[in-house]
1. I'd like to check something: does the stretch 423-431 contain any residue that is assigned to a loop (DSSP other than H, G, I, E, B) and within 21 Å of the chain's Cα centre (by Cα)?
2. Would you confirm whether or not the stretch 43-53 contains a residue that is in contact with an Asp or Glu (Cβ under 9 Å, 6 or more places away or on another chain), loosely packed, with under 14 Cβ neighbours inside 10 Å, modelled with pLDDT under 95 and not hydroxyl-bearing (Ser, Thr, Tyr)?
3. Pull up the stretch 93-117, narrow it to residues that are in a helix (DSSP H, G or I) and of a type in the set (Asp, Glu), then point me to the one that is nearest to residue 139 (Cα to Cα).
4. Name the one entry in 302, 345, 353 that is part of a loop (DSSP other than H, G, I, E, B), touching a Leu at 6+ places or on another chain (Cβ under 9 Å), among the aliphatic types (A, V, I, L, M) and outside the structural domain of residue 76 (by TED's automatic domain parsing).
5. Those residues that are closer than 21 Å to residue 440 by Cα and either out of contact with any helix residue (DSSP H, G or I) (no Cβ under 9 Å at 6 or more places or on another chain) or touching a residue at least 40 places away in the same chain (Cβ under 8 Å) (or both), I need them from the stretch 151-172; list them, please.
6. Name the single residue, out of those in the stretch 62-93 being under 17 Å from the mean Cα position of the chain (by Cα), closer than 16 Å to residue 253 by Cα and of a type in the set (A, V, I, L, M), that is surrounded by the most Cβ atoms within 10 Å (Cβ to Cβ).
7. Being surrounded by 16 or more Cβ atoms within 10 Å (Cβ to Cβ) and in a loop (DSSP other than H, G, I, E, B) is the filter here, so list the residues in the stretch 401-422 that pass it.
8. Report whether or not residue 215 is among the polar types (S, T, N, Q) and either closer than 19 Å to residue 331 by Cα or outside the structural domain of residue 79 (by TED's automatic domain parsing) (or both).
Amino acid sequence: MNHPCVITLDKKSPPRTLFSGDKLVKVDLPAGTRVIYPKPPLAGLKDPDAAIRYAINHPHGSPPLYAKLKPGMKVTIAVDDISVCLPPMKRPDVRQRVLEIVLEQMRDHGVDDVHIIIATSFHRRMREWELRNMLGDKIVDAYWPKKLYNHDAEDPAGMKYVGTTELGEPVVLNRRAVESDLIIYVNLNLVPMDGGHKSVTVGLCGYDSLKPHHNPHVMRKCHSYMDPPKSALNTVVERMGKITDAALDVFTIETTINNRMFDKPLGFLSKKEEDYTMAERAALDAMIYTLDRTPSHLRQEIFQRVPAPYELTGVWAGKTEHVHPHTLKKCFEQYSVPATGQADIVVAGVPYISPYNINAYLNPLLVQVMVEGYLHNLYRGAPVVKKGGTVIAFHPCSDRFDPDQHAPYIEFVHRVLPETRDAMVMHKKYEEEFSKNPSYIELYRKGHAYHPVHPFYMWYWGEAGRQHRGRVILVGPDNEYVPKLLGYETAKTFADALEMAKDTHGRNPAITCMHVPPIGMVDMTPTGSSATSTSSNAALAAHGGEA
């Protein structure tokens, strides 16, 4: 029997609605195409504040938070940055809720030496107005900027050595945190690759501690970033995280949210097209018409004006390794959709947003991250596309960059990529040079730019997908040069892209459409008939081939 989130299209099925950057497109997929939708949102907790208080008073593997607090102690609270959630949620953000309760306990126990650090690692610094949206005016007014600030991984006096793993991986973290009596980490776990030891050991680290896992050697060994036991990245981070937890007193608070990404008037985008009402069909047509005629610099604002109505679905606290399994279980409960049979061709829209372009345009390097990093890795078991398969993606892939956030990206795309797409070559030849660029470092430390090696990490992030897939065909780009730099082919229409893909996979390829966003992931079983044709897609569905 089909899972409710997996459907097989017939000749009467309506077109699918997919993102193409900051536009929407209707795509007529052939009969027999399997479409995998995200699960409906889990119900939010009825009393989030009560759940947070219960979690910190009944932690896992640790005394309650109040029992760890003493007058005069030094406490550092680290908080996940703006890279989660996508898009930013309605106020109050979950992190604001947690912080208000934690800070109340601090005051009640006479703890006044408290700093709040945004755990940016090599991400850009958050702006004051972004902090107000995330943490609320009351907290920002009380702590910003002396006791609420962004982590600075390039501050030579602000980092401190913690220890080294048995494999020689150094753990170097924010000095204020290391020298505190207690570190409290406030996490918002958007997807299964978040949280756990990654929080402190990556969020508050410097370059020496990123190099052991943010490199192409490790990335090529990752078999889904969203399946921690199969991720070499996670393995290294866990090894380093154990050094952190052995040396420091870390109290972790992890939270999960549902995938209620779209609020009215965009709520219909979370539905199957078959379930659209007449009014929603009309709203979709009007939205497509409007976006097609709106200047590009204004289109993204249309989506950003509607913050996401995410709801808290779980909160746990205590020692990192005791807490994180509960978080992962809830994540998979929200996201995992079972399916059987890998596809020859995967079709997906690339939305306007990623973790690395909040309040900025999705530049072409980040298009690559979405296609071969995140969308490819939204699975457990096996990739949705077969080894050597084709990905057909929708995005204009404009030669457009935000000069404040993505200054080093511009040089990477137009200097490094024309010479090589080999991650190993660019890692050896160019990464160190970028890492020492004084202008880029100043923009990271004093402006709002990503660290100069961040574009390298974005390319490495696509390594697992690049090593697995065969072709990527981009539909609707506004130029051919930039997609070619990324190693992509281009097509004007989906019909053209499908014909190109059939040159590789024959006239009856197995096609799967990943209908995201909202976020969903696939528990893929590659066994059985493997869905080797569109007719076998239909047969699988008819005979209960979808788990």
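1. Within the stretch 423-431, none of the residues are assigned to a loop (DSSP other than H, G, I, E, B) and within 21 Å of the chain's Cα centre (by Cα).
2. Within the stretch 43-53, none of the residues are in contact with an Asp or Glu (Cβ under 9 Å, 6 or more places away or on another chain), loosely packed, with under 14 Cβ neighbours inside 10 Å, modelled with pLDDT under 95 and not hydroxyl-bearing (Ser, Thr, Tyr).
3. 100
4. Details: 302 fails: part of a loop (DSSP other than H, G, I, E, B); 345 fails: part of a loop (DSSP other than H, G, I, E, B).
Going through 302, 345, 353 in turn, just one is part of a loop (DSSP other than H, G, I, E, B), touching a Leu at 6+ places or on another chain (Cβ under 9 Å), among the aliphatic types (A, V, I, L, M) and outside the structural domain of residue 76 (by TED's automatic domain parsing): 353.
5. If the condition is that a residue be closer than 21 Å to residue 440 by Cα and either out of contact with any helix residue (DSSP H, G or I) (no Cβ under 9 Å at 6 or more places or on another chain) or touching a residue at least 40 places away in the same chain (Cβ under 8 Å) (or both), then 151, 152, 153, 154, 155, 156, 159 are the ones that fit.
6. The selected residue is 79.
7. 401, 402, 405, 406, 417, 421
8. Here the answer is no, as residue 215 does not meet what is asked.
The values are calculated or read from the model by the stated rules, or taken from the named source; none is laboratory data. What you see is a predicted model, and the numbers here were worked out from it, not measured in a lab. Ideal geometry is used to build each Cβ from the backbone, glycine not excepted, and the neighbour counts take in all protein chains shown.
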